[in-house]
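S.K.: First the structure, which I've put down as structure tokens, then a few questions once you've had a look.
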């Protein structure tokens, strides 16, 4: 039981280290993290409902998580094949496309949330 607990604490330490590395080094993550504060500010300004807060916070985490996975895929691709390669480019494009799906979906849902408050 003690080893299980120690293992979970170590896992948490590595996860927090990864989050900090992303926020210090990856411009896309930094940008999206910064934009999340705009939406959090809008939420307070418009006094969105509890359910809208849950949805908004989930979407922020969703976009940041997908962007983080995209970054990991790009780093692996660059490690495996540092020079340009058509198939590596294809993989990177697909990974970036996944982020785009997450961002577009989140913006549509944010529009649905904020439309009644703005108009």
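S.K.: Quick check on residue 30: is it at pLDDT 95 or above and not in a helix (DSSP H, G or I)?
M.R.: no
S.K.: Now, a different point. Given the options 48, 55, name the one that is surrounded by 14 or more Cβ atoms within 10 Å (Cβ to Cβ), touching a helix residue (DSSP H, G or I) at 6+ places or on another chain (Cβ under 9 Å) and not in a helix (DSSP H, G or I).
M.R.: Values: 55 fails: not in a helix (DSSP H, G or I).
Every option except 48 fails the conditions.
Yes or no, residue by residue, for (1) assigned to a helix (DSSP H, G or I); (2) closer than 20 Å to residue 37 by Cβ; (3) in contact with a helix residue (DSSP H, G or I) (Cβ under 6 Å, 6 or more places away or on another chain):
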| position | (1), (2), (3) |
| --- | --- |
| 78 | yes, no, no |
| 94 | yes, no, no |
| 106 | yes, yes, yes |
| 114 | yes, yes, no |
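S.K.: Here is a further query. Within the range 44-61, how many residues turn out to be more than 18 Å from residue 102 (Cα to Cα) and either under 19 Å from the mean Cα position of the chain (by Cα) or free of Cβ contacts under 8 Å to residues at least 12 places away in the same chain (or both)?
M.R.: 6
S.K.: Among the residues of the range 14-30, how many are in contact (Cβ under 8 Å) with a residue 12 or more places away in the chain and exposed (fewer than 10 other Cβ atoms within 10 Å of the Cβ)?
M.R.: Total satisfying the criteria: 0.
S.K.: Something else about it: Would you mind telling me which numbered condition in (1) surrounded by 10 or more Cβ atoms within 10 Å (Cβ to Cβ); (2) more than 21 Å from residue 113 (Cβ to Cβ) residue 33 fails?
M.R.: Result: residue 33 passes all but (2).
The values are calculated or read from the model by the stated rules, or taken from the named source; none is laboratory data. Since the structure is predicted, the reported quantities are computational estimates derived from the model, not experimental observations. Positions of Cβ are backbone-derived with ideal geometry, glycine not excepted, and every protein chain shown enters the neighbour counts.
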